[in-house]
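The values are calculated or read from the model by the stated rules, or taken from the named source; none is laboratory data. Remember, it's a predicted structure, so these values are computed and weren't measured experimentally. SASA here: full protein model, heavy atoms, side chains in, ligands and nucleic acids out. Shrake-Rupley method; radii C 1.70, N 1.55, O 1.52, S 1.80 Å.
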Amino acid sequence: MRLKNQAVNRVLPKINQILHIQVASVDEDEARQEYKTRVSDLQEHHISIEVPIHEGTGRLKKLYVGDELSIVFITDGGIKHYFNSYVLGFREDTIRQVIIKKPELESITQIQRRTFLRITAQLEIAVRLSEQVRFVALTDDVGGGGISFICDPQWPLKFGDRLQCWLLVPYKSNTAEHANFISEVVRIKTLETGRQLVMLKFIEIAEMDRQRIIRYCFERQIDFRKK
């Protein structure tokens with residue numbers, strides 16, 4: 001009965017609604033940071049918000065297209081609502097606006113979820129550090145703002161390295177596409193197996209390629225909900 005009531009009470013945020021935001025990051029400290037913003041406009045498929053401000057320091061948060069967001073807003077009745085979204089782009093106005101994906105009503109919940117669009121997945125990725133260092137690996141997870149992959153420790157990767165990558169992205173329609181991008185190594189973790197988990201954020205990626213990855217993540221999320 002409680003779940004049915006939650007479904008009935010789902011609402012979208014309104015113009016001037018305060019949103020509390022956390023940004024997906026492979027850096028655990030950054031992922032815990034909370035920011036505050038305000039809804040400035042609502043359209044059919046997107047929401048415009050002001051640039052988020054850190055609630056503790058008052059510093060503005062720089063966002064990038066594809067950044068994945070966990071968002072909370074509180075209705076007049078004091079009920080917290082949660083949803084996930086991602087950055088679509090920006091608009092220069094009197095105050096700079098951040099354009100985010102408008103959530104489907106059924107995706108809004110009164111239960112907190114920290115499951116971003118980043119999806120656990122083993123996809124084939126070709127990596128080039130230099131003309132001499134090229135290899136193929138399998139991803140550990142993928143998302144609109146970055147990915148991680150697992151590889152042998154023989155490859156001389158380190159924090160800050162920039163990698164040219166080609167990711168094979170399969171879809172439920174039995175088709176597949178390649179997403180090409182340049183990424184930066186933000187963390188390397190040695191696993192118990194001796195292999196290394198390499199975490200990347202996108203530095204240069206065409207919007208079409210980013211959307212290919214996001215589409216894959218959405219398809220996987222739908223599959224998970226059906227299970």
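By a 1.4 Å probe calculation restricted to protein chains, GLU34 has an accessible surface near 90 Å², given to the nearest 10. Karplus-derived 3J(HN,Hα) values for the stretch 52-66, using 6.51 cos²θ - 1.76 cosθ + 1.60 with θ = phi - 60°, are x, 10, 5, 5, x, 9, x, 7, 6, 9, 7, 10, 10, 4, x Hz; glycine and proline are entered as x.
The relative contact order of the stretch 164-207, computed from alpha carbon pairs under 8 Å that lie at least 6 residues apart in sequence, is 33 percent. Entry note, the chain: relative contact order of 14 percent, from Cα contacts under 8 Å with a spacing of 6+ residues. Accessible area per residue for the chain is 56 Å², calculated with a 1.4 Å probe on protein heavy atoms, without ligands, DNA or RNA. With the helix formula -39500 (n - 2.57) applied to DSSP H stretches of n ≥ 4, the chain reaches a computed 222 nm mean residue ellipticity of -4000 deg cm²/dmol. Its relative contact order, with pairs defined as Cα atoms under 8 Å and 6+ residues apart, puts the stretch 23-155 at 18 percent. Subtracting the Cα-Cα distance of ARG162 and PHE90 from 0.36 nm times their residue separation leaves 23.4 nm of extension gain. Quick one: pull the percent of accessible area on the chain belonging to carbon and sulfur, 1.4 Å probe, ligands and nucleic acids left out. Answer for the chain is 50 percent, counting heavy atoms of protein chains only. Where the centre of each part is set by its Cα atoms, how far does the stretch 73-96 sit from the stretch 42-61, in angstrom? A separation of 6 Å, based on Cα centres. Strictly over 20 Å apart at the Cα level, which of LYS80/LYS201; LYS14/LYS62; LYS101/LYS189; LYS36/LYS201; LYS36/LYS61 would you flag in this model? Flagged as over cut-off: LYS80/LYS201; LYS14/LYS62; LYS101/LYS189; LYS36/LYS201.
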